[in-house]
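Structure first, commentary second.
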Amino acid sequence: MTKNEKRLFMFSCVFALVFGVTQTTFAMHIMEGYLPKTHCVVWGVLCLPFLTAGFIRIKKIVNDHRKTLLLLAMVGAYAFVLSALKLPSVTGSSSHPTGTGLGAVLFGPSVMAVLGIIVLLFQAILLAHGGLTTLGANTFSMAIAGPFLSFGVYKILRKFNINKLVCVFAATALGDLFTYCITSVQLALAYPSDVGGVGASVVKFMAVFAVTQVPLAVIEGILSVIVMIGLESYAKPELAELDY
Amino acid sequence: MEHMGFTAIDHNAYNSALNSINSMLKTVFFTSVLIYGIVIDSPVVSLFIILSMAFITVVIGRIKLRYYIRVMSIPALFIVLSIAAVLVNFSRSSTGLFTLSLGGVNIFVTDEGIKKAVCIVIRAFGAVSCMYGLALSTPMADIIEVFRKFRLPEVIIELMFLIYRFIFVLLAVVENMTRATEARNGYGSIRSSFYSFGSIGKNLLLYSFRKADFAYDAMESRGYDGKIAFYSEDRNIRLLEIVFFILYFVVMICLS
């Protein structure tokens, strides 16, 4: 093989590896073992207050209405299944929304933190997305930072009497983008660049993951709006129950 | 495999030869090896973990080698992208082992960067193989049972069991919906695939609300008062397993 042929071969191998083998990958779940020990512990500890708040809230909800436990379980299962759904013909690889933003808008962010950590644990063990030692970091970015931002954006925009669907789009898309920023920061803090330190590293990680994550945020926003339109026309009573 | 392959890992765990071992012992073994590998952070130990876990899962657990390699490649996209970010450096002045100049900015890879990247990859795959060791030998229901023994709050345990159960309920529905959509060329164009995906998402959420209603009625009519009983089997721990556990750690400590 000539040098160019070799290069072409290598390139096609990498391409096949990235887009062929990994049909169902969440690029943004930090994989098992990727973070050093201290980072695993610190991100895990940072999640604790949110999880405790969520746990207390769930306990209260369940004490008041037993039935809500089943509804919450269904939402957890829904988030898991939605993340497993493929969205064909958008990119070569499959991309899928996380659904946590919509969940936060519907159920409140602290509840989503608890549901999120359970779903992330299931994703690690049943789908091999994410990991056990990186569970803390992934929970912080996907089940806490994103949903809390989504919820905040939704509430603030609603205050200004902006159309509900616009709010849902902005909340879920921004929540997704925020999750992606937090994950980049987490990775950069773990592996600062030799030249330029953490700052340069954040830029590098964001650049690398922007390819999949920016279109995904817009897609998540659009899909959340489609789901919301459907819910508004078919599930008015359920939505009223949720105080949406 | 049913359900579009999304329950394949659980399915394999049920069929693993290691499924008959006490689930508490398995969980403690795999997670302690996992944590030890990350705390020690040495390539030699991690290489030992990668090879020994492959042996445990494939030879002792009788998981098909081809399947094991396939699950090992699941984190490939993440590792390729994130290692690229660790390897490549940008600077105006400094250069490294390989340097590419683009309009005054040097894009380069350093010797040290390569060493660091190799260490990260080996450690990560060592940890991943521990996680797969657990996932491919212990069904999810047994793992939840272990959490209960560690005294996690009962509400959380119930929530986990219910989510686990409902995942299968919803996956079956999604499978039907997706097949129906494909049969009607619902993914024909980007526009229609967006519409179809949104419709499935919406209908699935509606379905899960209704299903939660039905499940509650069914449970209440059978005397549900806030406690769900689940079936679990306690398997005895054998001496040979404990000897293996200790020997494994002795080897790991010697290597580090």
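Bear in mind that the values in this text are calculations on the coordinates, not laboratory data. Being a predicted model, the structure only gives us computed values, none of them experimental. So basically every Cβ, Gly included, is an ideal-geometry build from the backbone, and we count neighbours across all protein chains shown.
Tabulated data for the structure shown
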read-out: Kirkwood hydrodynamic radius (C-alpha pairs) into Stokes-Einstein, chain B, 20 °C and 1.002 mPa s, D in µm²/s; value: 96 µm²/s
read-out: About the Cα centre, charge dipole magnitude for the range A:24-242 (Lys/Arg +1, Asp/Glu -1 at Cβ), debye; value: 480 debye
read-out: DSSP loop chymotrypsin sites (Phe, Trp or Tyr not before Pro) with at most 14 other Cβ within 10 Å excluded, longest remaining stretch of chain B; value: B:1-149
read-out: Cα-based Rg of the range B:119-222 normalised by 2.2 N^0.38 Å, two decimals; value: 1.50
read-out: Top of B:Ser52, B:Ser199, B:Ser101 by mean-square fluctuation, Gaussian network on chain B, Cα under 10 Å; value: B:Ser101
read-out: Dipole-positive endmost among A:Phe50, A:Val202, B:Met131 within the protein assembly as shown (Cβ charges, Cα centre); value: A:Val202
read-out: Ranked B:Asp10, A:Asp176, A:Asp64, criterion: other C-beta atoms within 10 Å, fewest first; value: A:Asp64, B:Asp10, A:Asp176
read-out: All-pairs Cα distance distribution in the range B:1-150, expressed in whole percent, bin size 10 Å; value: 11, 32, 28, 15, 10, 4, 0
read-out: Of every Cα-Cα pair in the protein assembly as shown, the percent that sits beyond 31 Å; value: 46 percent
read-out: Cα-centre dipole for the protein assembly as shown with unit charges at Cβ (Lys and Arg positive, Asp and Glu negative), debye to 20; value: 420 debye
read-out: Whole-number D in µm² s⁻¹ for the range A:24-242, Kirkwood Cα-pair radius fed into Stokes-Einstein, 4 °C, 1.567 mPa s; value: 73 µm²/s
read-out: Long pairs among A:Lys37/B:Lys116; A:Lys67/B:Lys26; B:Lys149/B:Lys227; A:Lys60/B:Lys202, criterion Cα-Cα beyond 26 Å; value: A:Lys67/B:Lys26; A:Lys60/B:Lys202
read-out: For the range A:129-170, Kirkwood radius (reciprocal of mean inverse C-alpha pair distance, Å); value: 11.6 Å
